[in-house]
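Reading through the structure tokens given below for one structure.
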Amino acid sequence: MILPYNSDHCVDYRPWTAYIMFPVLVASSFYLIVREAIPDAHRILFVNLVELGELIILMHMSISVLYLWTLGRAICSRTGNLLYLSMLFIMAVLGAGVYRQMEVLGYDAAIWGLSWTVQFLAGAFVVFFPLNSVDFFILLPPFRTFTVTGLTSVILWLVTDLLFCLGLGWGAAALLHPVSFLAGIIAASTLLRLHLLPSGVGDRTLWQWIRGEKSGEELAWKQSWSDRRKHSASEENEQEKRNKQMEQKEQAIKTKLSPANETVKILCQCGNVISLGMEDSNAKCGTCGRIIRTVNTTPS
């Protein structure tokens, strides 16, 4: 599976509401699965998934949980806690109305609250952060990470949700989930239109990108958090190498200038000049063989 875990964005507000609502939404969604009858899975790719229905639903919900975590924190950081809570309330009211209408029409396919919520957040996210980086990891060998833009991450979610809905026989959900996605786009666009959000320095909105406009200060979110961490580690290694090289050069200079390497020149009685180290106490003349003893020599 391909799962998101982080988004790069300018933090205008601390997303406390996203942190609080995340376990609430996840717990309530899992409660509904346990409480209500799980619809039978239909055939997909000529493979009978009736016995694997619960496992497939669990996989779908696991992916939804991580999308909820990644998208929810980013949107709450952009809108602020009260506006984020208001957006979730609008989404819940719309979802309850759609679900009730489905029951009236006699549809037995389920619209799970978790994926409905993620659809709404995906619509808002693609308006706020179409070019920002989103980090993913692959939950299969070789367990690597990669980075895509916000628009690409939303497309990945839409395709994943559609495949799960069709594979599990949730035809009505596949048709009605885009309603929540469209509602998220409208809600985010309305907040921008009414100027209820801060400028969002460095974050280009979907409409700015389409019109070719730039944000007030272009920060160019081209590298994800994981990429920047790798670059930072590489820079630290390079700096450490440079520091070691400087230490080695300084040590070499100190060694070269140490008293042990300094010499003095002494004239022997025979006329031969002898070079004597600062730490040498005596030397033998190579011409006459006389032993020359030195005391308190000074460098020449």
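The values are calculated or read from the model by the stated rules, or taken from the named source; none is laboratory data. These figures come from a predicted structure and were not determined experimentally. All Cβ positions, even for glycine, are placed from backbone atoms using ideal geometry, and neighbour counts span all protein chains on display.
Numerical summary
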| read-out | value |
| --- | --- |
| Residue selected from region 134-162 under the condition surrounded by fewer than 14 Cβ atoms within 10 Å (Cβ to Cβ) and either touching a residue at least 24 places away in the same chain (Cβ under 8 Å) or in contact with a Ser or Thr (Cβ under 7 Å, 6 or more places away or on another chain) (or both), by the criterion farthest from GLN119 (Cα to Cα) | LEU140 |
| Residue list for region 114-133, restricted to those being over 16 Å from SER62 (Cα atoms) and modelled with pLDDT under 90 | LEU131, ASN132, SER133 |
| Condition met for LEU168 (buried (at least 17 other Cβ atoms within 10 Å of the Cβ) and of a type outside the set (Asp, Glu)) | yes |
| Residue tally, condition closer than 20 Å to THR205 by Cβ and in a loop (DSSP other than H, G, I, E, B), over region 1-30 | 7 |
| Count of region 146-201 residues which are more than 22 Å from the chain's Cα centre (by Cα), among the small types (Gly, Ala, Ser) and either modelled with pLDDT of 90 or more or closer than 21 Å to LEU94 by Cβ (or both) | 10 |
| Extreme residue, farthest from VAL11 (Cα to Cα), among residues of region 21-61 that are surrounded by fewer than 18 Cβ atoms within 10 Å (Cβ to Cβ) and modelled with pLDDT of 85 or more | VAL24 |
